[in-house]
Amino acid sequence: MMTALILPVLLGGAGLAIDVTNLMLSKRQLQEATDAAALAVSGAMANGADTATAQTLGKDFVAGQLANYVDSTQIAAVKNATVVSINSATDAATGAKTYAVAVTSNANIALTPLTGLFAGQSVAVSAASNTLSGAGAGAGSGTAAASNGISMDILLDESGSMAENTTTVKGTTCILNLLGICIGQQTTYVTKIEALKKAAATLFDALDKSDPNTRYVRTGTISYTNGIKGQSAMAWGTTASRTYVTSMTMNPTGGTDATSSVTTATTNIQKNQYGTDPESVAQAKKNNKTSDRIMVLMTDGEMTGNGTTWSQKLDLSVRNGCDAAKASGIRIYTIAFMAPDRGKALLQYCASTAANYYQPDTMDALVASFKAVADNTIKPVNRLTN
């Protein structure tokens, strides 16, 4: 008799525990879905999507995130209950846009029968997520006046091997002329230094497009052989860096050692704890409260110094320089262009992450690598604000 009396209570308690656990899990899953959707929508808007397309993306994203947890009927209901709102603002001084995205949704979670006797057949859970993206999203106020700046130093190999040909055909030249008629032609190829200049121009173009009024981006360029060959100092925009790269010789000579370039670039752009380093001071003058420090290291060879054979000592010194740069908060992108294995290994080591390392073997791939660096650097900040 006691068992008969207590059993419904025990079953009810067990059912209640199951329902509470299920409700908590369902709410977390829904929250994660709206978080992911809000980030996806803000990223889409920053990349040029129209509002209607982005709103549809948000609804589809929530539904897709929940597809592993609920059946198709419930997915359709959640999708219909999802609301995506998008508000944009444009900074009058810079033309930079920011996007505030809000995604809300709710779902009805079925209860166990005993709990249902007291609380109904289902309980609604809801979630809301807000994101901010664009030039002003990084520092927290949502305005362009409180944005992230970029301080980038670009290290380019100008050693003798850069005079070698790529596999990209440039044209033909006549090598045998008879009575004004060319009867013998030779294929000419784009050299590595020519390919590098084109690739660097692509990087500069992307940076300029993202910051047409030179409010956020500062660049500098260092070219090196067995030491620093020359450099353009850190300056707003890309004009000085572009001019420097354009003027680089078309007939490079010399060995390869990036040590002094890496250490010099680190000195140029690293932060100090007081905010009195040159780049922090320069960025603060344009009210950029924070700034990303970026180093781009490119080579087509291995560390040989003045010689023609690989030097383990120089290779190690570059690695140590990269370690110091990363320790100081500098993000390093590396590009090994038609490089030998030891050159590739060095640049793989120096890159901040595996995704920051590029290994192009053609001119087109080199151009794409520099473009990818630019895209990753200037990618709008998307952050959850709730």
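The values are calculated or read from the model by the stated rules, or taken from the named source; none is laboratory data. Fair warning: this is a prediction, and the values are worked out from it, not measured in the lab. Note that we place each Cβ from the backbone using ideal geometry, even for glycine, and neighbour counts take in every protein chain shown. Heavy atoms of the whole protein, side chains included, go into the accessibility calculation; ligands, DNA and RNA do not. Shrake-Rupley method; radii C 1.70, N 1.55, O 1.52, S 1.80 Å.
Observations on the model:
- Members of segment 192-224 found to be surrounded by fewer than 19 Cβ atoms within 10 Å (Cβ to Cβ) and farther than 18 Å from LEU156 by Cβ, listed by number: ASP208, LYS209, SER210, PRO212, ASN213, THR214
- Any hit, segment 177-187, residues being among the β-branched types (Val, Ile, Thr) and open to solvent by less than 80 Å² (accessible area, probe 1.4 Å): yes
- Selection status of LEU316, out of contact with any Asp or Glu (no Cβ under 9 Å at 6 or more places or on another chain) and open to solvent by 60 Å² or more (accessible area, probe 1.4 Å): yes
- Only a single item in (1) within 26 Å of the chain's Cα centre (by Cα); (2) in contact (Cβ under 8 Å) with a residue 40 or more places away in the chain is not met by THR168, and it is number (1).
- Of all the numbered requirements in (1) within 29 Å of ILE193 (Cα to Cα); (2) surrounded by fewer than 19 Cβ atoms within 10 Å (Cβ to Cβ), ALA351 misses one, and that requirement is (2).
- Looking at VAL281, VAL245, just one residue is of a type in the set (Val, Ile, Thr), within 27 Å of the chain's Cα centre (by Cα) and under 18 Å from SER159 (Cβ atoms), and that residue is VAL245.
- Taken over segment 235-276, the criterion of being open to solvent by 50 Å² or more (accessible area, probe 1.4 Å), in a loop (DSSP other than H, G, I, E, B) and either among the hydrophobic types (A, V, I, L, M, F, W, C) or touching a helix residue (DSSP H, G or I) at 6+ places or on another chain (Cβ under 9 Å) (or both) is satisfied by MET250, ASN251, THR253, GLN270, LYS271, ASN272, TYR274.
- Any hit, segment 295-318, residues being at pLDDT below 95 and outside any loop (DSSP other than H, G, I, E, B): no
- Restricting attention to segment 285-313, the residues being crowded, with 21+ Cβ neighbours inside 10 Å and under 16 Å from CYS350 (Cβ atoms) number 11.
- Looking across segment 53-84, just one residue is open to solvent by less than 50 Å² (accessible area, probe 1.4 Å) and either of a type in the set (S, T, N, Q) or in contact with a Pro (Cβ under 6 Å, 6 or more places away or on another chain) (or both), and that is THR82.
- Segment 280-294: number of residues that are among the β-branched types (Val, Ile, Thr) and at pLDDT below 90: 1
- Of the residues making up segment 176-232, those that are of a type in the set (A, V, I, L, M) and touching a Phe, Trp or Tyr at 6+ places or on another chain (Cβ under 8 Å) number 6.
- Among the conditions (1) at pLDDT below 80; (2) buried (at least 18 other Cβ atoms within 10 Å of the Cβ); (3) not in a helix (DSSP H, G or I), MET152 misses just one, which is (1).
- Of all the numbered requirements in (1) open to solvent by less than 10 Å² (accessible area, probe 1.4 Å); (2) hydroxyl-bearing (Ser, Thr, Tyr); (3) assigned to a strand (DSSP E or B), SER232 misses one, and that requirement is (1).
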